[in-house]
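For reference, the structure discussed in these notes is given below.
The values are calculated or read from the model by the stated rules, or taken from the named source; none is laboratory data. What you see is a predicted model; the values in this text were computed from it and never measured. Neighbour counts run over all protein chains shown; Cβ positions are idealised from the backbone, glycine included.
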Amino acid sequence: MRANNRYGRVGILHFNKTATRLGHPIVIEERFKDGETVFTEQLQRIKDTKPDAIVIWGNPKESALILKAAREMGLNQPVYCSDRVVNPEFLSIAGKLADGIVTPVSIILIQKIRNWQHSDRITKSVSGWTLMSLPYMPMTG
């Protein structure tokens with residue numbers, strides 16, 4: 001599921017290319033608008049495809065609300081999110097449901113995270129949030 005804006009479109013485009021190249025193409029792509037709060041129709045279509053995992057690519061608030069709605073609908077697959085969920089707003093809304101999601105994070109964010117209210121949940125792998133510093137590698141062609 002992705003935001004229906006440039007961030008969502010470009011992010012999923014690159015995610016889909018990589019996933020397809022690795023032999024795991026996206027089976028359904030649903031969109032949502034910034035500020036949207038009800039995702040029942042999109043999530044039902046996703047549920048009907050019986051996916052192995054769910055990708056959420058959007059802003060913190062919508063991503064957290066989608067995660068909550070997905071879990072309430074019984075979608076318990078692994079969830080992969082964009083880096084925008086590494087945010088106090090996401091953690092505040094998602095609560096314990098954030099445990100176990102997978103997301104990329106830059107080393108710059110790691111420094112900022114230490115000052116957040118829920119930083120203990122992010123920096124400890126007990127809650128499923130595991131930070132890993134990766135060397136910067138420019139992407140080419």
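Annotations for the structure displayed:
- The residue pairs whose first member lies in region 39-53 and is touching a residue at least 24 places away in the same chain (Cβ under 8 Å) and loosely packed, with under 15 Cβ neighbours inside 10 Å, whose second member is among the small types (Gly, Ala, Ser) and assigned to a helix (DSSP H, G or I), and whose beta carbons are closer than 7 Å, counting only pairs six or more residues apart or on different chains, are THR40/ALA69.
- Selection from region 70-101 of residues that are of a type in the set (Gly, Ala, Ser) and in a loop (DSSP other than H, G, I, E, B): GLY74, SER82, GLY100
- Test: residue in region 22-33 that is more than 15 Å from LEU75 (Cα to Cα), of a type outside the set (D, E, K, R) and either surrounded by 14 or more Cβ atoms within 10 Å (Cβ to Cβ) or touching a strand residue (DSSP E or B) at 6+ places or on another chain (Cβ under 8 Å) (or both): yes
- Within region 21-53, the set of residues being under 17 Å from the mean Cα position of the chain (by Cα) and of a type in the set (Gly, Ala, Ser) comprises GLY35, ALA53.
- Residue list for region 1-21, filter: over 19 Å from GLN77 (Cα atoms) and part of a loop (DSSP other than H, G, I, E, B): ASN4, ASN5
Matching residues to (1) under 20 Å from ALA3 (Cα atoms); (2) modelled with pLDDT under 95; (3) charged (D, E, K, R):
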| residue | (1), (2), (3) |
| --- | --- |
| THR37 | yes, no, no |
| ASP48 | no, no, yes |
| GLY58 | yes, no, no |
| GLU62 | yes, no, yes |
| ALA98 | yes, yes, no |
| SER106 | no, yes, no |
| TRP116 | no, yes, no |
| SER119 | no, yes, no |
| PRO138 | no, yes, no |
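- Some residue of region 56-65 being within 14 Å of the chain's Cα centre (by Cα) and part of a loop (DSSP other than H, G, I, E, B): yes
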